[in-house]
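First comes the structure, then the notes that go with it.
Values in this text are rule-based calculations from the coordinates and carry no lab data. Computed from a predicted model, the values in this text were never measured in an experiment. All Cβ positions, glycine included, derive from the backbone under ideal geometry; neighbour counts span all protein chains shown.
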Amino acid sequence: MKLAAHVATIAAIATIAMLAATPATAATCTATSGAQRTALLELYTSEGCDSCPPADRWTSALPARGFDAQRVVTLAYHVDYWNYLGWVDPFAQAHFTERQRFVNARIRNRTVYTPQLMLDGKDYRGGLSLSDFQQRITTANREKPGADIALSLNTAAATVDASAQITLHQKQSGAAVFLALYENRLATQVSAGENKGKRLEHNFVVRELAGPFATDATVSHKFRVLPAWKARDLSVAVFVQAAATGEVLQALALPACAG
């Protein structure tokens, strides 16, 4: 009996150890788009550009001014063509530069510049005026969306697995879906270039943009989360655009779930 009890104790300890060593299961969260259209605001920016910080601050302050993700999904793409001036933007990607050139070519805009704001696929030059922006967003929110989005996120230790179900209200040839992983509450102490000596703070910084995907099936993408990224400040945005015009049919953003 003593031997049996001893064996049982060892087995129990081993079971507890196995449970303790088992990694936590992935957290899941979901969201669906509403009956009104959510606008999409895209900022092209760079830490190497001395005219960009005001635009970064303006977009970062939008949620506190009533422009949350229910009304407008905001994304900031850091381009890489300023890096040659002596400061390499740690958030810059050539992919974002390519996207900026592509969307400007689509609207036949010959000038590529920073900071550039694109509102619902069109060049927005209303300045950093809230009155004009308020009117534009209110108008967009009154429109019926061209698509419905159901987004599901599975968050594990080093990944965010996103799955989006897209339902178009009308058949559209060439409609495209994009998924963006972005991070808030970022800051850099710049030591060179046009912003030398400044501490720059950012929100909505796109870490990865995936797409375009077709809308004829569930869109899925696994984002790899690097150790330096703050999991609690990550979100995923999904938006549907008409490929030919850039018209935004619907947009949705969801914070990554806590594991």
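Residue separation of L130 and E247 scaled by 0.36 nm, minus their Cα-Cα distance, works out to 39.9 nm of gained length. The C-alpha atoms of the chain define a longest principal axis, and helix 130-142 lies at about 70 degrees to it. Here is the size of segment 69-182 from its Cα atoms: Rg then Dmax, 16.8, 49 Å. Across the alpha-carbon atoms of segment 25-255, the computed radius of gyration and Dmax are 17.0, 52 angstrom.
The alpha-carbon of K222 sits under 23 angstrom from the alpha-carbons of these lysines, leaving out residues fewer than 8 places away in its chain: K230. With just the Cα atoms defining each centre, how far is segment 197-259 from segment 100-140? Give it in Å. After rounding, the separation between the Cα centres reads 19 Å. Counting charges near A180 (Lys, Arg +1; Asp, Glu -1) among other residues having Cβ under 13 Å from its Cβ returns a value of -1.
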